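A short write-up of the structure that comes next.
Computed from the coordinates by the stated procedures, all read-outs in this text should not be read as laboratory data. Quantities reported herein were computed from a predicted structural model and do not represent experimental measurements. Every residue, glycine as well, gets a Cβ built from its backbone with ideal geometry; the counts of neighbours run over all protein chains shown.
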Amino acid sequence: MAPSHVLKCCQRVLAWVPVVFIALVVAWSYYAYVVELCVFTISSTAEKVVYLVIFHLSFVMFVWSYGKTIFTSPASPSNEFCLSKADKEQYEKEERPESQQEILRRAAKDLPIYTTTASRAIRYCDRCQLIKPDRCHHCSACDICVLKMDHHCPWVNNCVGFSNYKFFLLFLMYSLLYCLFVAATVLQYFIKFWTLCRRKAAENCPKNELPDTHAKFHVLFLFFVAAMFFISILSLFSYHCWLVGKNRSTIETFRAPTFRNGPDKNGFSLGCSKNLREVFGDEKKYWLLPIFTSLGDGCNFPTRLVIMDPEQVTVSSQNEPAKSSGANQPFPPTRPLSESQNRLLASDSQWVESGPEDENVKSGTKKHIIVSLES
Ligand SMILES: [Zn+2]
Ligand SMILES: [Zn+2]
């Protein structure tokens with residue numbers, strides 16, 4: 001076996017370490033809560049039953065959404081985004097970036113693409129040899145182009161993108177609920193054990209109500225671990241709630257997508273309610289279940305209209321999406337929102353002459369200096 005293959009195999013195995021770590025922590029928390037707390041520590045039967053029922057509900061939802069996030073393969077662009085054999089050969093033969101762009105522009109003519117690189121070039125992945133749909137990015141860890149890529153998450157050893165973003169959000173939400181429930185119900189026993197320890201340390205320990213067994217260790221740690229995870233996941237979950245409301249991916253917060261009239265970080269935002277439906281679907285009964293209900297095909301996203309003034313770039317208000325964008329459009333739009341105004345590829349003048357590396361872009365009469373972040 002070649003050394004590079006061995007290295008790749010090692011990398012693949014090592015990538016599972018964070019997932020195994022989380023799985024071990026979850027398995028231990030299950031044992032500690034069910035056996036050590038509920039069976040050995042709690043004496044009231046009613047309390048035991050109520051705790052166990054709620055615990056198992058949150059545990060099942062948490063494990064289900066976590067599993068779906070891990071094992072749902074990231075969605076890749078369909079074949080229509082791949083260059084034809086003839087175009088591919090021609091593209092590889094060409095050395096001048098302008099001519100390559102010309103080939104890509106021709107190939108992308110009938111594709112539902114509204115965004116470009118910062119330098120107004122067609123977004124093309126050399127590695128996968130395809131034209132990237134809007135919001136699609138190449139993941140170096142997975143080595144594929146991922147539709148609506150959000151980020152590559154080591155804790156699930158998977159790319160979070162169009163195919164599993166809903167599952168990822170539910171995983172965060174149910175892990176928060178799980179930690180909150182565990183921490184809240186363990187708290188009183190945590191305090192009892194804690195004070196018990198202190199009394200014992202002072203060698204002034206009265207006959208206590210709680211069994212002074214190994215359960216003490218588990219209950220003390222259970223509270224610490226649940227509280228620690230709750231605090232760290234809370235900030236991540238809040239951030240992703242904000243992203244869903246704005247219809248932005250994590251990548252897009254760092255690098256606004258470039259539309260016909262320039263970068264627009266709110267370019268895909270249709271208003272909070274529609275943004276939420278784009279991820280969770282139209283039927284509310286499925287919102288809390290880790291079942292795929294996201295709208296669209298991952299390649300084609302409704303955008304809000306960006307109005308271009310030759311002297312000044314003005315962007316339509318995000319609060320008035322109905323006038324402009326996909327509010328009254330079917331999802332995904334069967335045709336681009338407005339062929340003349342939204343079709344990026346319609347006008348030849350949209351494309352720069354000097355290739356994707358050029359950082360100075362002329363747009364209308366306004367000159368934008370944009371640092372190209374596209375790889
Ligand atoms: Zn790629
Ligand atoms: Zn990835």
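Things worth noting here:
- Modelled FRET efficiency - R0 41 Å, Tyr286 with Val35, Cβ distances, 0.05 increments: 0.75
- Inter-label distance for Ala15 and Leu177, nm, one decimal - labels placed 7 Å from Cα along Cα-to-Cβ: 3.0 nm
- Fewest-first ordering of Phe292, Phe190, Phe162 by other beta carbons within 10 Å of each residue's beta carbon gives Phe292, Phe190, Phe162.
- The ranking of Thr253, Thr303 by Cβ neighbour count inside 10 Å, starting from the fewest, reads Thr253, Thr303.
- Considering only the Cα atoms of the range 1-111, their convex hull presents on average a projected area of 13.2 nm².
- A protection proxy built from the mean count of other Cβ atoms within 10 Å ranks the segments 17-24, 97-104, most packed first, as 97-104, 17-24.
- Using a Förster distance of 25 Å, the FRET efficiency for Asp297-Ser4 (Cβ separation, nearest 0.05): 0.10
- Sorting 58-70, 77-89 by average packing, meaning the other beta carbons within 10 Å per residue, from highest down gives 58-70, 77-89.
- Out-of-range pairs (alpha-carbon distance over 19 Å; input Lys8/Lys88; Lys148/Lys284; Lys85/Lys132; Lys8/Lys85; Lys8/Lys68; Lys88/Lys148): Lys8/Lys88; Lys148/Lys284; Lys8/Lys85; Lys8/Lys68; Lys88/Lys148
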